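Please read the structure below before turning to the comments.
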């Protein structure tokens, strides 16, 4: 039998309210749907529509990846109708040492660790 429309959206919002902010991968594990389905669901929940307000927002960014591998910043979602936190600036090898140091210091101040 097919689940009722909105049940995954409701479970996602309830999970964010009860368990706090989570990444997409954590929500996929908790809700039990595919990554593609979750990506579409998160996009719909973040959209502000004429009849329905925005229901989740990006509250921060978390660095993921094992030691010695390439790390990626992943958005952390929370329930609510607040503005999204902007993605931090990337640290590029072509930047000067001072630029890279200032970006790393800003990330550390924001709680984003490698």
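The values are calculated or read from the model by the stated rules, or taken from the named source; none is laboratory data. As the structure is a prediction and not an experimental result, all values here were calculated from the model. In this analysis, Cβ positions are derived from the backbone assuming ideal geometry, glycine residues included, and neighbour counts consider all displayed protein chains.
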Mind listing whichever residues of the stretch 21-59 are farther than 17 Å from residue 84 by Cβ and either modelled with pLDDT of 95 or more or in a helix (DSSP H, G or I) (or both)? 25, 26, 28, 29, 30, 31, 35, 36, 37, 38, 40
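I'd like to verify a number: residues in the stretch 88-101 that are within 21 Å of residue 62 (Cβ to Cβ), without any contact (Cβ under 8 Å) to a residue 24 or more places away in the chain and either surrounded by 12 or more Cβ atoms within 10 Å (Cβ to Cβ) or touching a strand residue (DSSP E or B) at 6+ places or on another chain (Cβ under 8 Å) (or both), how many?
Filtering the stretch 88-101 for residues within 21 Å of residue 62 (Cβ to Cβ) gives 88-92, 100.
Filter again for without any contact (Cβ under 8 Å) to a residue 24 or more places away in the chain, leaving 89-92, 100.
Those left that are additionally either surrounded by 12 or more Cβ atoms within 10 Å (Cβ to Cβ) or touching a strand residue (DSSP E or B) at 6+ places or on another chain (Cβ under 8 Å) (or both): 89, 91, 100.
Residues flagged as within 21 Å of residue 62 (Cβ to Cβ), without any contact (Cβ under 8 Å) to a residue 24 or more places away in the chain and either surrounded by 12 or more Cβ atoms within 10 Å (Cβ to Cβ) or touching a strand residue (DSSP E or B) at 6+ places or on another chain (Cβ under 8 Å) (or both) within the stretch 88-101 amount to 3.
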Any chance the stretch 91-105 includes a residue that's modelled with pLDDT of 75 or more and in a strand (DSSP E or B)? no
Working carefully through the options 76, 28, 85, find the one that is surrounded by 10 or more Cβ atoms within 10 Å (Cβ to Cβ) and free of Cβ contacts under 8 Å to residues at least 24 places away in the same chain. 28
